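J.: Here's a structure for you.
Just so you know, all these numbers are worked out from the coordinates, no wet-lab data involved. Just so you know, these numbers come straight off a predicted model, no measurement behind them. Glycine also receives a Cβ, built like all others from the backbone with ideal geometry; neighbour counts cover every protein chain displayed.
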Amino acid sequence: MKKKIIFYSAFIVLLVAGFLLALSTIKGYFKVELPKMGYVQDFEFTDQNGNTVTQDNVDNKVYVAEYFFTTCTGICPKMNANMKLVYDKFKDSANFAILSHTSMPETDSVPLMKAYEANYVGKDPNNPAKWYFLTGDKHQLYKMARESYLIDDPTNNSENVDDSFIHTQFFALVDQERRVRGIYDGLKKDEIKLLEKDITKLLTGE
């Protein structure tokens, strides 16, 4: 009787182990897919070095998009301190970038954006292709926030762009195919950790 119990127990263990092994070999079975929330439209802005930046600059890259303004003393410094953590973690990856768009292009000139960059990047020689501080046409900037990155307050959508103002704490994660794959609260450390985890997923294809 004992031999039968041992035999059947071993058989069940092997059967379960074999089943789990078979499942693990099926590509993507245990993979949790990030949502596909939207598609990023074509764009054209100017960065902190006076260079034109378009979708081609982030072609086949994973990137994070946000909105801020240089004179903000409220949420923006906190957001960008957290964004700096993300930058430091992935700055050595050629396939990663950050796009920080101004909410106040009427005042955030190229020199101001360059001075602002120094607060977070310093003299890092690798930055020019990694963290872009963007200014440009307000209508296009706001359209991107609303229609591409999906991080503007929905109540702004019915307002005239000239009379509206974006002041959002949210970051958008975009994949190599220009799809928004997640929205994260830039003020919360746990959300930043989740963002870093999801960036790694996209970069490694896990």
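J.: Select from Val64, Met83, Ala94 the residue farthest towards the positive end of the dipole of region 55-94; place +1 on Cβ of Lys and Arg, -1 on Cβ of Asp and Glu, and compute about the Cα centre.
T.: The residue sitting most towards the positive pole is Met83.
J.: If the chain between Leu194 and Lys78 were fully stretched, how many nm would it gain, using 0.36 nm times the residue separation less the Cα-Cα distance?
T.: 40.0 nm
J.: Need the full-extension length gain, Leu150 to Gln176, defined as separation in residues times 0.36 nm minus the C-alpha distance. One decimal, nm.
T.: Result for the pair: 7.6 nm of gain on full extension.
J.: If the only charges are +1 at each Lys and Arg Cβ and -1 at each Asp and Glu Cβ, what is the size of the charge dipole of region 36-204 around the Cα centre, to the nearest 20 debye?
T.: It comes to approximately 700 debye.
J.: Sticking with this structure for a sec: Each label point is 7 Å from the Cα along the Cα-to-Cβ direction; what then is the distance between the points at Thr52 and Asp137, in nm?
T.: With each label point 7 Å from Cα toward Cβ, the separation is 1.2 nm.
J.: OK, next. Considering only C-alpha atoms, what is the centroid distance from region 87-104 to region 164-189, in Å?
T.: That distance is 12 Å.
J.: In whole Hz, with x marking every Gly and Pro, tabulate ³J(HN,Hα) for region 84-90 from phi via Karplus 6.51 cos²θ - 1.76 cosθ + 1.60, θ = phi - 60°.
T.: Taking θ as phi minus 60°, the curve returns 4, 4, 5, 4, 4, 6, 10 Hz for region 84-90.
J.: For region 191-206, what does the Karplus curve 6.51 cos²θ - 1.76 cosθ + 1.60, with θ = phi - 60°, yield as ³J(HN,Hα) per residue in whole Hz, taken in order and with x for Gly and Pro?
T.: Along region 191-206, the couplings run 6, 5, 4, 5, 4, 4, 5, 6, 4, 4, 4, 5, 5, 9, x, 7 Hz.
J.: In terms of the Cα gyration tensor, with a ≥ b ≥ c the square roots of its eigenvalues, is region 36-204 rounded because a/c is under 1.5, prolate because a/b exceeds b/c, or oblate?
T.: rounded
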